[in-house]
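The values are calculated or read from the model by the stated rules, or taken from the named source; none is laboratory data. Given the structure is predicted, the values throughout are model-derived calculations rather than measurements. Ideal geometry is used to build each Cβ from the backbone, glycine not excepted, and the neighbour counts take in all protein chains shown.
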Amino acid sequence: MQKRLSVFFVTLIGLVLTAFVASFTYVSIEKRYLQKIESDVFQLQEKLAAELARYSEIPVVLSADPRLKRLLRAPESERLFNETNDLLSDWNARLNSDVLYLMNRNGMTVASSNVASETSFVGHSYHYRPYFQQATLGQKGQYYALGVVSDKRGYYFSYPVIDGDKVSGVLTLKVDLSIIERIWNQQQFDYLIADPLGVIFYSSRDEWLYQSLTILTEPQKQTIRDSRRYGDTKLRSLTTFSDADALSEKRKLSIANKNQEREMMLVSTTPLGTEGWQIYGFTSVSDSFPVVIQATFIFALFYALLVLVIAAWLQNVRTRKELARLNDDLEVKVASRTASLEETNSALRASISQYEKAQAALRQTESELIQAAKLAMLGEMSASINHEINQPLAAMRTYTENSLRLMEKARYADVGKNLSTINELIGLIADIIARFKVFARKQDVNSRNRADINAVISASITLSEASFIKKGIHVNCALSQEDLYVKADPVQLEQVILNLMSNAAHALSSVTDPTIGIETEVSADRVILHVWDNGPGLDNDTKKRIFSPFFTTKPEGLGLGLTICRRIIESFDGDLQAQDHTSGGADFTVTLQRLIEGKQRDDNRDLDY
Ligand code: ADP
């Protein structure tokens, strides 16, 4: 709303200023034009007056020639007539005038410079012409008229020929005054010369010639026509004025043009000569229009540009203010965001430390779980260890009892044999216990990265053999002939294999001809160990969840065995997967990095099986 109002005011001010500039320009242009016409008209008047004065003196000088008087005295003399005509022709040629002629005191032309031409004035009477009448009164005559014979307009300058103290004739010089046109052709303005009644006898515009500036009465018109001064003219009035004097006061005049339309003109007037003539200079008011339009347009353009510049500047100021405000807002927002970000950050730090604590707790739980799983496995193994130790122990008892009896009989040689057998049995028990120790003791850091996989598999099978035999499970073991070392801790790897075999054995509980397979697949940098069985296998759902902690299908199961196995294998940078075996059972694959003999060899070899 405020914007619209300011646009309205700016436009209004612009319009008012433009109107002011237009009218100011118009007034000053008009003034300048008027001054110009005034000075031009004045100059013209001076030139014309000088010219007229020059011509008006000529008849005065020439009329004194006695040859003229002679002809006037003896008009019938052919010789004098010819001589005078020749004289007039000669003078006329020298003066470069139109006609030079001599009239007798009745106005009859008696000799003329144009006697030889068709339009000769000789024999024509001009007694009615004012210039004749003025001369007969002894004065200089001056007159403008259309030639009655020649029909050529001209200026007539006359002077009486005085014979004694009487006027015997009149000498007249007619000039066409083409000088006026010559002078006025150089002007840019229209002009006219009017007689005291306002009749125009010289004009730059043909349509004005022999018309009247004033409204003439019918008798006036008739008198002018009778004088034959301006030929047969209609004397149409070009203005609505009836008084020529009032006209000369005007600075602006509505004047009829060629098409009888009124045209507003700027006008300047000055009197010419002694006859009451007036020179009028005109210029059309509409001539100033292009300049006014141009000035108005330039001003309007300037104003529009000024308004645009001011508007742009204001906009700039406004934008800067707005920008500063936005900046302040932004700073406030940034400050509040930074504060909330810091809060979030510290919350995050707290979460991270909580997470780290949870991780540590988890690791603790995991290692405890591993330990628990180990213990569980130990419980399972203790049965087979017990079984293995019981047999040599029973044999040792038998041998010892037998030896005691042999001692009594002094069969010392047999006692010695028994003792060495007992010794062998003790060695066997020590072996069994050693294996158990290996399993139960803490991990040796040095051995963590290297294991003889064939030895680990063999040891695992030996440990489980007893329970397998009991369950009627056949172990199908296909090991590689070459020495294979992998990146793994032997004890933990054994634990994994035992777990996989134990799971397999469990799955085989209700299968006829139960079989567990152990195979190795060897490549340049990897060893893949397969522990498979021909049990019921794994359905898709089980396969997806089998490594998740606490997933179990067994009523007494913990569901941690495979989770721990995978963690152990992953800690060796290996991989544990479950897939289907061709027999329909499950196939667990343990992928481990192969260590080439000689490289990364562990010095501590006493843990190899
Ligand atoms: P748990 O033995 O305590 O159940 P595990 O993580 O060792 O925990 O095993 C998870 C589950 O995986 C078992 O309950 C069983 O359903 C399935 N599973 C493991 N090994 C086999 C296998 N060889 N054949 C079929 N199912 C198996």
Next item on the list: Go through the residues of region 55-66 one by one and say whether even a single one is without any contact (Cβ under 8 Å) to a residue 12 or more places away in the chain, farther than 19 Å from Tyr126 by Cα and either acidic (Asp, Glu) or touching a Phe, Trp or Tyr at 6+ places or on another chain (Cβ under 6 Å) (or both).
Entry: yes
Check: Within region 188-217, can you find the residues that are in a helix (DSSP H, G or I) and more than 16 Å from Phe241 (Cα to Cα)?
Finding: Asp206, Glu207
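Looking only at region 31-42, which residues are under 10 Å from Val291 (Cβ atoms) and either among the hydroxyl-bearing types (Ser, Thr, Tyr) or in contact with a Ser or Thr (Cβ under 7 Å, 6 or more places away or on another chain) (or both)?
Narrowing region 31-42 to residues under 10 Å from Val291 (Cβ atoms): 32-33.
Passing the criteria: only Tyr33.
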Check: Pairs, please: C-beta under 7 Å, at least 6 apart or cross-chain, first residue under 20 Å from Ser510 (Cβ atoms) and in region 573-593, second among the hydrophobic types (A, V, I, L, M, F, W, C) and more than 12 Å from the ligand (Cβ to nearest atom)?
Finding: none
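Okay, residues lined up against (1) over 20 Å from Leu558 (Cα atoms); (2) exposed (fewer than 12 other Cβ atoms within 10 Å of the Cβ); (3) modelled with pLDDT of 70 or more:
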| position | (1), (2), (3) |
| --- | --- |
| Ser353 | yes, yes, yes |
| Ala361 | no, yes, yes |
| Gln364 | no, yes, yes |
| Ala373 | no, no, no |
| Ala376 | no, no, no |
| Gly379 | no, yes, no |
| Met396 | yes, no, yes |
| Thr400 | yes, no, yes |
Checklist line | Residue satisfying all of: in region 447-482; touching a Ser or Thr at 6+ places or on another chain (Cβ under 8 Å) and assigned to a loop (DSSP other than H, G, I, E, B); surrounded by the most Cβ atoms within 10 Å (Cβ to Cβ) among these | finding: Ile473
Notebook entry, point to check: (1) assigned to a loop (DSSP other than H, G, I, E, B); (2) buried (at least 19 other Cβ atoms within 10 Å of the Cβ): which one isn't true of Thr233, the others all being true?
Noted result: (2)
Check: Looking at region 172-226, which of its residues are in contact with a Gly (Cβ under 6 Å, 6 or more places away or on another chain), at pLDDT below 85 and under 26 Å from Lys252 (Cβ atoms)?
Finding: Phe189
Check: Say we look at region 539-572 and pick out the residues that are under 17 Å from Ala505 (Cβ atoms) and touching a residue at least 40 places away in the same chain (Cβ under 8 Å); which of these is farthest from the ligand (Cβ to nearest atom)?
Finding: Cys565
Margin query: Take the residues in region 211-232 that are in contact with a Leu (Cβ under 7 Å, 6 or more places away or on another chain) and hydrophobic (A, V, I, L, M, F, W, C); name whichever of them is farthest from Lys152 (Cα to Cα).
Written below: Leu216
Item checked: Matching residues in region 523-578 - criterion: being closer than 21 Å to Ser480 by Cα and among the basic types (Lys, Arg) -> Arg526
Note to self: Being within 30 Å of Leu100 (Cβ to Cβ), in contact (Cβ under 8 Å) with a residue 12 or more places away in the chain and not aliphatic (A, V, I, L, M) narrows it down to one residue among Phe201, Phe189; which is it?
What the structure shows: Phe201
Notebook entry, point to check: Of all residues in region 489-538, which are crowded, with 20+ Cβ neighbours inside 10 Å, in a strand (DSSP E or B) and either within 11 Å of the ligand (Cβ to nearest atom) or among the basic types (Lys, Arg) (or both)?
Noted result: Ile516, Val531, Trp532, Asp533
Checklist line | Selected residue [surrounded by 14 or more Cβ atoms within 10 Å (Cβ to Cβ), closer than 16 Å to Ile193 by Cα and in contact (Cβ under 8 Å) with a residue 12 or more places away in the chain] from Ile224, Ile255 | finding: Ile255
Checklist line | Residue count, region 12-36 (criterion: of a type in the set (Ser, Thr, Tyr) and modelled with pLDDT under 90) | finding: 1
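In the set Tyr55, Tyr33, which member is buried (at least 17 other Cβ atoms within 10 Å of the Cβ) and either within 30 Å of Asp163 (Cα to Cα) or out of contact with any strand residue (DSSP E or B) (no Cβ under 6 Å at 6 or more places or on another chain) (or both)? Explain how you work it out, then say what you get.
Values: Tyr33 fails: either within 30 Å of Asp163 (Cα to Cα) or out of contact with any strand residue (DSSP E or B) (no Cβ under 6 Å at 6 or more places or on another chain) (or both).
Of Tyr55, Tyr33, the one residue that is buried (at least 17 other Cβ atoms within 10 Å of the Cβ) and either within 30 Å of Asp163 (Cα to Cα) or out of contact with any strand residue (DSSP E or B) (no Cβ under 6 Å at 6 or more places or on another chain) (or both) is Tyr55.
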Check: In this structure, is Ser158 at negative phi, part of a strand (DSSP E or B) and at pLDDT 90 or above?
Finding: yes
Notebook entry, point to check: Only one of (1) free of Cβ contacts under 8 Å to residues at least 60 places away in the same chain; (2) assigned to a helix (DSSP H, G or I) fails for Ser288. Which number is that?
Noted result: (1)
Notebook entry, point to check: What is the number of the single condition among (1) charged (D, E, K, R); (2) surrounded by fewer than 20 Cβ atoms within 10 Å (Cβ to Cβ); (3) at pLDDT 95 or above that Asp587 does not meet?
Noted result: (2)
